[in-house]
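Single-structure report; data block below.
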Amino acid sequence: ALKRTDNTDQNKQTGLMERDPRTAWWTQGRFGMFIHWGLYAVPAQGEWFMYASRTPVREYENLAEQFNPTEFNAQAWVALAKEAGMRYIVITAKHHDGFAMYRSKADAFNIADATPFGRDPLKELAEACEEAGVVLCFYYSHVIDWHHPHALHKEHNNTWDYKLEEKRFQEYWEGKAKPQIKELLTEYGRVGLLWFDTAGGLSEEDSKDIVRHVQSLQPDCLINSRVSHYMGMGDFVSKGDNEIGMSGEDARPWETPMTLNQSWGYTTKDQVWKTADTLIRKLVNVIGKGGNLLLNVGPTPQGTIPELSAERLREVGEWTRRNAEAVYGTDGSPFPLEPEWGAMTTKPGRVYLHIHNGAWTERSLRLTGIRNKVLRAYALADVSQTNLSCEQFYDEPLDLHILQIQLPSQPTDQYVSVI
Ligand code: JFZ
């Protein structure tokens with residue numbers, strides 16, 4: 001059993017650390033929608049299409065004439081995010097292809113000025129988010145830009161149109177990146193966070209410059225760790241794609257960016273889709289370690305969220321609605337080790353047990369620090385709302401709240417969350 005050594009150690013192990021109050025809305029929100037939507041939806045081969053195909057800028061620009069997402073409905077997107085239980089939306093304002101998904105005065109290569117669509121979807125999304133109480137956030141590729149002659153990354157550049165030796169990075173930095181970030185932070189209302197991406201080669205000075213730039217415009221706007229490859233920069237850590245972190249490994253809160261299939265941007269290629277059960281287990285695994293899950297959709301060139309994505313999100317929402325108390329505003333498990341039967345989330349004085357239904361066997365009920373007898377008495381029966389005071393984990397008793405257990409007679413692979 002875990003014995004409290006001293007407050008610091010305990011907090012370190014539980015991830016219950018002193019947090020920057022600016023991140024509270026984000027850590028309490030636990031679950032966000034990632035949206036990869038851009039000109040790359042037209043060829044429908046993912047957001048790296050231009051690089052993978054080495055499409056010349058002039059040819060890539062021609063795609064804009066075909067991009068007319070008339071079925072785009074911001075309210076419908078926000079409603080789906082809410083139905084899934086997502087508390088914030090991070091949408092690509094500009095990905096590596098350099099195409100801005102909003103009306104940008106800094107660069108005419110944008111959806112409002114360069115396509116027959118002629119509208120500003122981020123403006124419409126900002127209004128829909130404001131109305132629905134969902135926090136709007138932007139992804140911005142601040143270093144890679146295959147459209148701009150002077151963007152310079154340590155490895156992923158447009159070398160088929162531009163010569164590396166002729167790069168003047170500050171022309172891109174001062175002429176496009178910083179002005180566009182200013183547009184996003186001054187014309188779309190409150191922005192919860194900026195999700196910078198792939199900072200390879202950005203100097204420490206320029207990394208600090210962009211942080212100062214953001215904070216001068218919206219001091220409460222959070223910044224993710226990918227703003228720089230210098231350790232410790234950013235208000236929260238974005239793990240690698242689909243990578244799940246460990247509680248307490250960094251003083252900052254962290255998130256897992258996750259795809260529903262294998263792609264971020266829309267693709268018509270065959271994909272293996274994660275089931276709703278897998279997604280729920282991933283969500284529980286992440287929040288059980290005190291992390292956030294940023295789950296991605298890749299909208300179509302018509303402006304719709306693919307039906308299979310919407311279906312998965314509605315199924316996940318069914319679970320998050322039923323188990324909201326054990327998801328939102330929680331911290332991770334009080335124990336450093338991940339139980340084999342599932343995960344735990346916590347609130348002051350409470351532990352929520354998320355137990356994979358297949359784990360409901362005598363053997364696997366050995367919970368770190370919680371005696372079998374407590375659970376066995378409840379786990380193998382239908383139990384209505386009840387509060388259990390369990391033995392002392394810490395100096396003060398923790399209530400082990402098992403609010404509801406509905407167990408089929410035989411364990412199945414159907415996920416059951418017990419809160
Ligand atoms: C980047 C982008 O290149 C990609 O298109 C997508 O937007 C993704 C969310 O972010 O890809 C990365 C960047 C960094 C890591 C993994 C994928 N990483 O640090 O492991």
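The values are calculated or read from the model by the stated rules, or taken from the named source; none is laboratory data. Please read all numbers here as calculations on a predicted model, not as lab measurements. Note: ideal-geometry Cβ built from the backbone for every residue, glycine included; neighbour counts use all protein chains shown.
Of the residues making up the range 43-53, those that are within 24 Å of the chain's Cα centre (by Cα) and more than 10 Å from the ligand (Cβ to nearest atom) are Ala44, Gln45, Phe49. Only a single item in (1) more than 14 Å from Ile280 (Cβ to Cβ); (2) of a type in the set (Ser, Thr, Tyr); (3) at pLDDT 80 or above is not met by Ser364, and it is number (3). Among residues of the range 48-67 that are of a type in the set (Asp, Glu), those with a Cβ under 9 angstrom from a residue that is within 16 Å of the ligand (Cβ to nearest atom) and assigned to a helix (DSSP H, G or I), sequence gap 6+ or separate chain, pair up as Glu61/Leu39. In the range 230-246, the residues that are polar (S, T, N, Q) reach residues that are away from the ligand (no atom under 12 Å from the Cβ) with C-beta atoms within less than 8 angstrom, at least six apart or across chains, in these pairs: Ser238/Trp254. For the range 280-304, name all the residues that are assigned to a helix (DSSP H, G or I) and in contact (Cβ under 8 Å) with a residue 40 or more places away in the chain. Correct list: Ile280, Arg281, Leu283, Val284, Asn285, Val286, Ile287, Gly288. Filtering the range 225-268 to residues that are buried (at least 22 other Cβ atoms within 10 Å of the Cβ), among the β-branched types (Val, Ile, Thr) and out of contact with any His (no Cβ under 8 Å at 6 or more places or on another chain) leaves only Thr256. Looking across the range 128-143 at every residue that is part of a loop (DSSP other than H, G, I, E, B) and away from the ligand (no atom under 16 Å from the Cβ), the one that is surrounded by the fewest Cβ atoms within 10 Å (Cβ to Cβ) is identified as Gly133. The residue that is farthest from the ligand (Cβ to nearest atom), among those in the range 253-266 that are in contact (Cβ under 8 Å) with a residue 60 or more places away in the chain and part of a loop (DSSP other than H, G, I, E, B), is Pro253. Applying the criterion of being in a loop (DSSP other than H, G, I, E, B) and buried (at least 23 other Cβ atoms within 10 Å of the Cβ) to the residues of the range 193-202, the residue that is farthest from the ligand (Cβ to nearest atom) is Leu202.
Looking at the structure I just gave you, is Asp113 more than 16 Å from the ligand (Cβ to nearest atom) and within 26 Å of Cys221 (Cβ to Cβ)? Yes. Tell me, please, whether a residue that is touching a Leu at 6+ places or on another chain (Cβ under 7 Å) and either assigned to a loop (DSSP other than H, G, I, E, B) or crowded, with 23+ Cβ neighbours inside 10 Å (or both) can be found in the range 104-120. Among the residues of the range 104-120, not one is touching a Leu at 6+ places or on another chain (Cβ under 7 Å) and either assigned to a loop (DSSP other than H, G, I, E, B) or crowded, with 23+ Cβ neighbours inside 10 Å (or both), which makes the answer no.
Taking Val211 as the residue in question, decide whether it is in a loop (DSSP other than H, G, I, E, B) and crowded, with 17+ Cβ neighbours inside 10 Å. I'd like the intermediate steps shown before the answer.
Working: in a loop (DSSP other than H, G, I, E, B): no; crowded, with 17+ Cβ neighbours inside 10 Å: yes.
It is false that Val211 is in a loop (DSSP other than H, G, I, E, B) and crowded, with 17+ Cβ neighbours inside 10 Å.
Listed conditions (1) closer than 26 Å to Phe31 by Cβ; (2) touching an Asp or Glu at 6+ places or on another chain (Cβ under 9 Å); (3) among the hydroxyl-bearing types (Ser, Thr, Tyr) are all met by Tyr88, apart from (2).
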